[in-house]
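Trainee: Can you keep this structure in mind? I'll have questions shortly.
The values are calculated or read from the model by the stated rules, or taken from the named source; none is laboratory data. Just so we're clear, the structure is a prediction, and the values are computed from it rather than from any experiment. Cβ coordinates were reconstructed from backbone atoms using ideal geometry, including for glycine residues, and neighbour counts include every protein chain displayed.
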Amino acid sequence: MKIAFIGIGNVGFAIANNLQKLGYEIIVANNNAHSESVKVAKMRNPNFVVKNVQDAVNECEIIFLATPYQANETALKGIKFNGKPLVDCTNPVGAGISHGLNSVKSGSEVVQELAIDAKVVKAFTIYGFENFIDSSFPMYNVKPAMLICGNSEDAKKQVSKLIEELGYFAKDTGNITQALHLEHMTLLWVKMVRMNGHHPNFVWGYLEK
């Protein structure tokens with residue numbers, strides 16, 4: 001399977017690199033093949049292929065959006081997704097690590113409005129990139145929870161398969177409006193780590209009786 005990444009910084013690279021190790025073909029979707037982020041990613045993993053955004057989307061079955069949130073509108077403008085899953089890994093973060101949209105609506109709902117013909121799935125947002133580099137916690141007999149949401153059941157199943165392959169426990173939390181709550185979980189993690197000095201290698205777990 002071919003998977004495209006729009007955005008290949010810390011978050012995008014960590015996920016793409018591990019998917020490539022699992023045998024997936026990774027296409028970095030960027031209209032500037034000489035951008036600094038693309039050069040760094042290619043240096044770290046020469047197996048990545050670089051194509052312009054629309055060509056990458058046309059060729060791939062699943063697309064990840066891992067740009068800084070403020071770049072989403074530009075990154076998605078004019079792109080035709082033709083009903084393909086678009087994994088939203090972005091978070092609207094405002095001043096003082098607040099919700100960038102004042103909690104009125106989620107960033108993922110905005111992404112769905114910008115990419116109206118995509119099946120948006122919120123995933124890979126409740127932790128920092130450190131926990132996307134390595135999902136293993138060998139001292140515990142439990143996988144890190146990866147909470148997701150979206151309006152398309154089929155798209156969520158496709159994304160959940162990748163999540164499980166990467167070593168997480170995929171938990172569907174509902175439709176795209178749930179993304180607001182997942183974004184607040186992200187803010188909690190970010191405040192604990194980036195602001196309050198908590199070590200970054202911790203995750204949320206899902207335990208059920």
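Matching residues to (1) within 17 Å of residue 7 (Cα to Cα); (2) basic (Lys, Arg); (3) free of Cβ contacts under 8 Å to residues at least 12 places away in the same chain; (4) in contact with a Pro (Cβ under 9 Å, 6 or more places away or on another chain):
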position	(1), (2), (3), (4)
105	no, yes, no, no
110	no, no, no, yes
119	no, yes, no, yes
137	no, no, no, yes
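Trainee: Also: Which condition breaks for residue 171 when tested against (1) out of contact with any Phe, Trp or Tyr (no Cβ under 6 Å at 6 or more places or on another chain); (2) in contact (Cβ under 8 Å) with a residue 24 or more places away in the chain; (3) surrounded by fewer than 16 Cβ atoms within 10 Å (Cβ to Cβ)?
Mentor: (1)
Trainee: Additional query: Would you mind finding the one in 116, 133, 79 that is at pLDDT 95 or above, surrounded by fewer than 19 Cβ atoms within 10 Å (Cβ to Cβ) and under 22 Å from residue 154 (Cβ atoms)? So that I can check it myself, show each step before the final result.
Mentor: Values: 133 fails: under 22 Å from residue 154 (Cβ atoms); 79 fails: surrounded by fewer than 19 Cβ atoms within 10 Å (Cβ to Cβ).
One residue alone meets the criteria, 116.
Trainee: Restricting the search to the range 18-44, which residues are within 18 Å of the chain's Cα centre (by Cα) and either among the aliphatic types (A, V, I, L, M) or closer than 22 Å to residue 69 by Cβ (or both)? Give the steps one after another, and end with the answer.
Mentor: First, pick out the residues of the range 18-44 that are within 18 Å of the chain's Cα centre (by Cα): 18-22, 24-30, 37-38, 41.
Of everything in the range 18-44, those that are within 18 Å of the chain's Cα centre (by Cα) and either among the aliphatic types (A, V, I, L, M) or closer than 22 Å to residue 69 by Cβ (or both) turn out to be 19, 22, 26, 27, 28, 29, 30, 37, 38, 41.
Trainee: With over 20 Å from residue 73 (Cβ atoms), in contact with a Lys or Arg (Cβ under 7 Å, 6 or more places away or on another chain) and not charged (D, E, K, R) as the only criterion, which of 118, 145 stands out?
Mentor: Working: 118 fails: over 20 Å from residue 73 (Cβ atoms).
That would be 145, the only listed residue that is over 20 Å from residue 73 (Cβ atoms), in contact with a Lys or Arg (Cβ under 7 Å, 6 or more places away or on another chain) and not charged (D, E, K, R).
Trainee: Working carefully through the options 164, 153, find the one that is over 22 Å from residue 205 (Cα atoms), acidic (Asp, Glu) and either surrounded by 17 or more Cβ atoms within 10 Å (Cβ to Cβ) or free of Cβ contacts under 8 Å to residues at least 60 places away in the same chain (or both).
Mentor: Working: 164 fails: over 22 Å from residue 205 (Cα atoms).
Testing whether each residue is over 22 Å from residue 205 (Cα atoms), acidic (Asp, Glu) and either surrounded by 17 or more Cβ atoms within 10 Å (Cβ to Cβ) or free of Cβ contacts under 8 Å to residues at least 60 places away in the same chain (or both) leaves just 153.
Trainee: Residue under question is residue 40, and the condition is that it be surrounded by fewer than 20 Cβ atoms within 10 Å (Cβ to Cβ), of a type in the set (A, V, I, L, M, F, W, C), without any contact (Cβ under 8 Å) to a residue 60 or more places away in the chain and out of contact with any strand residue (DSSP E or B) (no Cβ under 9 Å at 6 or more places or on another chain); does it hold? Spell out how you get there, then give the answer.
Mentor: Working: surrounded by fewer than 20 Cβ atoms within 10 Å (Cβ to Cβ): yes; of a type in the set (A, V, I, L, M, F, W, C): yes; without any contact (Cβ under 8 Å) to a residue 60 or more places away in the chain: yes; out of contact with any strand residue (DSSP E or B) (no Cβ under 9 Å at 6 or more places or on another chain): yes.
Against the criterion (surrounded by fewer than 20 Cβ atoms within 10 Å (Cβ to Cβ), of a type in the set (A, V, I, L, M, F, W, C), without any contact (Cβ under 8 Å) to a residue 60 or more places away in the chain and out of contact with any strand residue (DSSP E or B) (no Cβ under 9 Å at 6 or more places or on another chain)), residue 40 qualifies.
Trainee: Please enumerate the residues belonging to the range 103-124 that are of a type in the set (S, T, N, Q), closer than 19 Å to residue 191 by Cα and touching an Asp or Glu at 6+ places or on another chain (Cβ under 7 Å). Lay out the reasoning, then the answer.
Mentor: Step one: list which residues in the range 103-124 are of a type in the set (S, T, N, Q), which gives 103, 106, 108, 112.
Narrowing the set further to residues that are closer than 19 Å to residue 191 by Cα leaves 103, 106.
Across the range 103-124, the qualifying residue is only 106.
Trainee: Still on this structure, please answer the following. Checking the conditions here, which among 72, 58 is touching a residue at least 40 places away in the same chain (Cβ under 8 Å) and of a type outside the set (Val, Ile, Thr)?
Mentor: Numbers: 58 fails: touching a residue at least 40 places away in the same chain (Cβ under 8 Å).
Exactly one of 72, 58 is touching a residue at least 40 places away in the same chain (Cβ under 8 Å) and of a type outside the set (Val, Ile, Thr), namely 72.
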